[in-house]
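Some notes on the structure that comes next.
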Amino acid sequence: MPGPLEGYRVIDFTNVIAGPYATMILADQGADVIKIEAPQRPDHTRHAGNSQNGLRAAFLNNNRNKRSVAIDVKSDAGREVLKKLVATADVFIQNFRPGVVERLRISEPELRSIKPDLIYVSMSGWGENGPFAHKPVYDPIIQALSGLATVQAGSDQERPRLIRTILPDKLTGMTAAQAVTSALAGRAKNGEGQHVKVSMLDSIIAFLWSSDMGGQTFVDNEVSIQKAATFIDLIYETKTDYITVSTMTNDQWSSFCEAANREHLLEDERFKTPALRDENADIRLNLIQEALLERDAAEWLETLEEAGVPCAPVLTRRQMIDHPQVQASGIVIEHDHPHAGRLRQARPAARFEGTPTAIRYGGPLLGEHTYDLLGEIGYSEPEIDAMVNSGALLAHNLDQTNEAAD
């Protein structure tokens, strides 16, 4: 079996990162994901970033294990094709701004009339209501408004900072993928489909509340200004490279002090308990930094590991790929894409012993599976030809792709 979601069909009418990442998780877990793109305006990531043989890394890394159909749903023929595909599907996912699917006549009520038990997922930036609901949104915008940029700064007084990865996009994708499997589990019990709504703003605020909103948790007893616990993060300099060290428990603090020849700190009243060490964190972390400057990174890592103190090297992206732990775990894999060539990607993060996952397809060319998929739902080749010629569909032409890549 290719994964635990084998037998489920997902219509993926999303683009850029959040939606395609969500549907790739489902595809990696075995679902038959059909990616729908407009012939005139395909997924933005087909044209963004570095490429090989005409295919972009950003597209390949968010769209593997999917099949592609290019449909102009503004045309009557194209909309009819989409609806026939929906009739065979379990899940439909779209990430248009509120109001767009209504104008395209593919809203939740319209598609549910075709497939009553459909799981219809609406992904958005801001949600369906409010003054920002119809505004365009990108990851940094959500980082700013959600408070994430202030959390990243360390305190309310410091200059806000972005996390230098598109966390809201990817976290929203993961939230949506998990919601789909929950909705399918619910349908298995009661036989009913439902409308699932996921927004980037919802996803990030819920994510932050787990660990970063303690000062806002108790009503009428809020912390008015969020102060930094420390002005030093846990990345330290050594004589050579950077490392990270964590001394959360009493045993770890004691072991560090002994390994660093700082036994006198064990008698310091400021550091006797975890609470006191937090209260005096700036002083403590400065003392750790002073000690770590005395030796090379490799020596510290060996010494601290032997002492049972959590530590690790700080690696570049390229170094991470070659690290023994990553290599031993088999996290980064290589495989051949039929058009893009040899690829390196992260394997699906969740591993299923009974229904192992596999890379069945690389990221598809635009319209690569148009003829195959429409044939599966009953269209004849002449009928497909006619729609391709009218512009309602686009089918992949390998010769044109090769010319574009040259």
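The values are calculated or read from the model by the stated rules, or taken from the named source; none is laboratory data. Everything numeric in this text was worked out from a predicted model, so none of it was measured. Note that we place each Cβ from the backbone using ideal geometry, even for glycine, and neighbour counts take in every protein chain shown. All accessible areas refer to the heavy atoms of the entire protein, side chains included, with ligands and DNA or RNA removed. Shrake-Rupley method; radii C 1.70, N 1.55, O 1.52, S 1.80 Å.
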Margin query: Show me the ranking of peptides 53-61, 353-361 by mean Cβ neighbours inside 10 Å, starting with the highest.
Written below: 53-61, 353-361
Next item on the list: Could you point to the label whose value was computed as Rg/Rh (Cα atoms, Kirkwood Rh) for the structure here, given [x] 1.05; [y] 0.99; [z] 0.96?
Entry: [x]
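What net charge do the residues around W209 carry, taking every other residue with its C-beta under 15 Å from that of W209, with Lys and Arg at +1 and Asp and Glu at -1?
Around W209, the surrounding residues sum to -3.
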Next item on the list: On the full set of protein chains, 1.4 Å probe, figure out the accessible area of Y379 and give it in Å² to the nearest 10.
Entry: 30 Å²
Note to self: Sort 129-139, 85-95, 20-30 by the packing proxy (mean of other Cβ within 10 Å over each peptide's residues), most packed first.
What the structure shows: 20-30, 85-95, 129-139
Checklist line | Ordering of 251-258, 296-303, 265-272, 216-223 by packing [mean C-beta count within 10 Å, highest first] | finding: 251-258, 296-303, 265-272, 216-223
Next item on the list: Calculate, for the chain, the solvent-accessible area per residue in square angstrom, rolling a 1.4 angstrom probe over the heavy atoms of the protein chains.
Entry: 53 Å²
Check: For the chain, with the dipole built from +1 on Lys and Arg beta-carbon atoms and -1 on Asp and Glu ones, taken about the Cα centre, which of Q327, G354, P20 lies farthest toward the positive end?
Finding: P20
Checklist line | Too-long pairs where the Cα-Cα distance tops 28 Å, listed order kept, from K74/K115; K84/K135; K115/K197; K74/K197 | finding: K84/K135
Checklist line | Nearest-0.05 FRET efficiency for Q178 and E381, computed from C-beta distance (R0 35 Å) | finding: 0.30
Note to self: Accessible area of the chain with a 1.4 Å probe: how many percent of it is carbon plus sulfur?
What the structure shows: 51 percent
Checklist line | Sites Q289 and K197, calculated FRET efficiency, Cβ-Cβ separation with R0 60 Å, nearest 0.05 | finding: 0.85
Item checked: Computed helical MRE - 222 nm, the chain, DSSP H runs ≥ 4 contributing -39500 (n - 2.57), nearest 500 -> -11000 deg cm²/dmol
Notebook entry, point to check: Between A349 and I205, 0.36 nm times their residue separation minus their Cα-Cα distance comes to what?
Noted result: 49.5 nm
Next item on the list: Along Cα→Cβ, 7 Å out, is where each label goes; now give me the distance between the ones at E305 and D233 in nm to one decimal.
Entry: 2.4 nm
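Starting from the Cα-Cα distance between L315 and Q40, subtract it from 0.36 nm times their residue separation and give me the gain in nm to one decimal.
That pair, L315 and Q40, stretches by 94.9 nm at full extension.
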